[in-house]
Structure formats: structure tokens, C-alpha cells
């Protein structure tokens, strides 16, 4: 069961989205989300939908996988929509009588519920497009580049990036280890499924103790291995695969600004 | 008896990472046999043994233990776990209790045995694997590497399984530790005449020294299932699929082709030593 874990569920590919400079991709994703919150008109959202659909098409990631990413957020979406629907005061469209009370649904509530749901949906799709097209290593590279200007403020950008890389690197290893330990203890008749909460918590001991022991052992081995290769951290380190801005990235910025322009016209200039 | 019928297993089906580890393996393993499973990395050895312990469910096919289908819907998996003991690779990584005694007792305790029975089983299995009384009260983390592994094996033995499966029991041990573990396997085979013992190994030397039968896995299928002696007569085929015959067999084969009259199919050092000694005593001028 733990073998199926894929962090950020990166789907390898060779689309322009995959090849973009990671740091720029992160910035553009943030900008994408910011733009989203400036939109109010249905027409703007329609345009935004077209742009997002085009992005998905370019990325080559199947729609099925993107929809799968939305599924875990479904309850939050429904909850947000319901809260907005019922809790917004305004011009009552219809009311549901309920004994002594009545629940009023306002026009503003309907609009707000719809906008919030659509915004959240786009937000999830945008963020998952980033993680679907960027490998964890590229992602840390991007974060390192973005934090670099904060270096004079004593933000340890290289160290943060290195820690993230190591953490991401060890997730599958530890997941495999956990899987193996669970199997081994199951084979020895351990029972993780029955009993009350206290019993079940106690049943985790045979898993957690070996897992911690092995995590510490691995950390120790890794530290020794890094030291043996003269790792000393800091800014003098170079990378084997250096990422650079290319023509493609300039084009991406241009396309993004163009889309922003179209959205601005639709949202503010047109009087529909 | 363990019987697998056309068993297949696919990891992460219907994802981009889908991979078939086992493609239709059919086997029959007799009661009281001592069988080694060998094969190249990724040949499906580990998957096969996890299926036999009902830790994985086959994608297709059936597995019968003593005629009982352990892959059927609603099969009692806990009963299977009791019957089939599995010692994982590096089993010492699963030790967790504060004393060796408690760790060995974990399995029997889960089976719901009474104190007296547990105590007997713990001491008996510790004795079989060569752990002394003084070790039982120590923390398992204070033992040496070889002792830890033996303690972990004792933990599975204490459940008194009908089938004992060991996944690379000698991995990462020094020659002395290897011989100790292989010795334990042989002793068990002699002691419990109806116990099925299966062990996975990478080392042809270990297989030659210890096992009676061998299952050769290749690319998710069963390539051979025969006696060890017979398997080594197919030396060429073994080398084709990335496995080696023991060094001593290679050596005696070369000696033979150089004109020295040694018998065919020598695969243990002991046997080779005897054959060469016989030749020297016989003194027919070849050696």
C-alpha cells in the first residue's frame, strides 16, 4: 500500500511546461493564483478556463490525472460552497421553512458560492499542474533560486534546499521500509485492525520503534557518506545539471502577460 | 504441501508505473523439503514468497497450502500467517522490544498462547538458533549483527510454523555468520521432518552447501525446479540468465578439461577435496 505513494505525483514528460525554468514556473503559478482573485465576471472566468485548458493540453498530462487530484479536495469544495450559500446575507431568492426558523438563500450567496468553488477548483488545478510537471528535485532547485536573494538576510537557502532534497529523496525509502516492517510484523501475527483506539495505538509500537531506529541509522550513514565526500555546504557548491533561463521561458512570460492583458480588458474595460 | 497454480502478480496496476513481477508461476513443494529459490534481481523471488505467506494477493492464479486455497475470498489470513513463517531480508531491522526474550515472545503472544507455552517456545527457539540464556534478558540492540539476525529468526520459529520461508537469510553477514545461519537451516531440516523450508539466496555456494531442491526464477517465471545436482548440470543455461555456478564447479570443470580425471558435477568444496585427495592417493600420475 505504501509503494503507491508518489510525492507531488510528478508525471515525466517533455512538454514546454516540463522544460520551463523551475523558479519561473513557481513564480508564474503564484501569479496565476493572484490573477484568479481579481476576476469577478463570468466572462473572465470563461476566458480563464480556456487558458487553463490550453495549459493542460500543452502539458500533455491526461485530464483523468488532474481530476484525480481534485477528488481529495471534494469535501472542502462542497463545504465551502454550502457555507457561502447559507451564510451570506442579502436579497432573498427563496427560503426553506424549518419549524420555527427558515433558511434564507440570497442571490449574493449563490454568486459567492459559485465564485468560491470555481476559484478553488482553478487553484487546485494550477497548483497540481506545477507539481505534475516539475520533478521534486527541480522544485527544490526553484525554491533555492527564489530564496537566494534572501541570503544576505541570513536565510539559509542552500541548506533549506538540501534538507528538502534529502527529505524528498527519503520518502520512498522510508515508505518502503514501513511497508516491509508492517508485513514482517503481520507475518508474526500482529493485529493492527481490531480493538479500541488505545489498543490500536499500542499496536503501532512494533512498527514505530524499528522505523525510528532505521531512520536514525540511515541519517547516520548518510552523514558519514556526505562527510566522506567532503560535503561542506554553502554557496561554493555547483550543480551537475545547472538550470538556466532559455528562450522558452521568455516566451512563457510573454504568453502569461498577454493572457493577463486579455483578462484585464474583459474584466475592467468591457461593459457587459 | 504448497501448490501455486499459474500465479501472476502486477505491481501498481493501471498506472504509468505498472510492472508485472510474476507471470504465471506454477510450482509444487513437498512436505519436509528444503528448497532454495535463486534468480537474478527482479526475477520475482521476493514477490513469490510474499504471495506464499498471503502478504500479497495474486493478480491471478491460486495458491494452495495443504489443499487449502489461501487466495480465496474470505480465507483466514491470520491462520495462514500462523502456518507460514516468513523471515524477511535483514530481519534484525524489525526487532523492537526491550529484551530479546520479549521480542521472540511477540509472535506466540499474538497467537494467544498461555505464559508457560510461550516461555517454552521462546527458550526452545533461542536454543535452536544458538542464543544463550544470558542473551535473552539483554536489549536486542546490544547484540552483534549475527546474534540480532538469529534472534529475529527465533521470533518466527517460536510461532512453530509448518512452513518456514527465509528471504536472503545470509545477506550482509561475514563468512562465519553465513555458515551459522545455514547451519541453523540444516539443523531445523533434520529436527522437523515435516517442515517445509524455503530460502532465497543469491549465492550458489550457499545453495549447493545447504539445499536439496532448487527453484530457479527468471523474468517472473519458474525456469527450473529440480534437485540442486540436476540444476548445476545446466550450467550454461544458468549463466545465460545471469546466475553463476559455484566457483568450485568452474574450477573442477577446467581441471577436467585440462585432462585431470575428476568426476563430473562437483559443486561443494568438501566433495572436490575428497575427489582430489582420492586422485592423489590413487596416484595414477595425473595429479
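Derivation of every value follows stated rules applied to the coordinates shown; laboratory data play no part. Note that the coordinates shown come from a computational prediction; the quantities given were computed from them, not determined experimentally. We place every Cβ from the backbone using ideal geometry, glycine too, and count neighbours over all the protein chains shown.
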Sum of -39500 (n - 2.57) over DSSP H runs of 4+, divided by residues of chain A (222 nm, nearest 500): -21500 deg cm²/dmol
Crossing angle, helix B:269-282 versus chain B [Cα axis fit, 0-90 degrees, rounded to tens]: 30 degrees
Nearest-ten-degree value, helix A:42-59 long axis tilted from longest Cα axis of chain A: 30 degrees
Using distinct alpha-carbon pairs, which all enter the 1/r mean, Kirkwood radius of chain B in Å: 20.4 Å
Region B:1-61-region A:41-68 distance, computed between alpha-carbon centres (Å): 43 Å
Gain in span if fully extended, residue A:196 to residue A:258, counting 0.36 nm per residue against the direct Cα distance: 16.5 nm
Cα centroid separation - region B:182-251 against region A:220-241, whole Å: 42 Å
Extent along principal axes [Cα atoms of the protein assembly as shown; Å; largest to smallest]: 111, 65, 49
Structure-based [θ]222 nm, chain B - -39500 (n - 2.57) summed over DSSP H runs of at least 4, per residue, nearest 500: -12000 deg cm²/dmol
Separation in nanometres of the label points that stand 7 Å from Cα toward Cβ, at residue B:270 and residue A:49: 7.9 nm
Estimated Rh, region A:159-272: Kirkwood, alpha-carbon pairs, angstrom: 19.8 Å
Kirkwood-based Rg to Rh ratio, region B:29-114, C-alpha trace: 1.00
Relative pair counts by distance (%), Cα atoms of region A:1-156, 10 Å bins: 9, 29, 29, 19, 10, 3, 0
Spatial separation of Cα centroids for region A:127-157 and region B:79-98, in angstrom: 42 Å
Antiparallel bridges, percent of DSSP beta bridges restricted to the protein assembly as shown (to nearest 5): 60 percent
Average other protein chain Cβ within 10 Å of Cβ, residues B:82-95: 4
In degrees, nearest ten, helix A:74-87 long axis to first principal axis of chain A (Cα): 40 degrees
Debye equation applied to the C-alpha atoms of chain A, log10 I(q)/I(0) at 0.12, 0.13 Å⁻¹: -1.00, -1.08
Chain B, relative contact order in percent, only Cα pairs under 8 angstrom and at least six apart counted: 22 percent
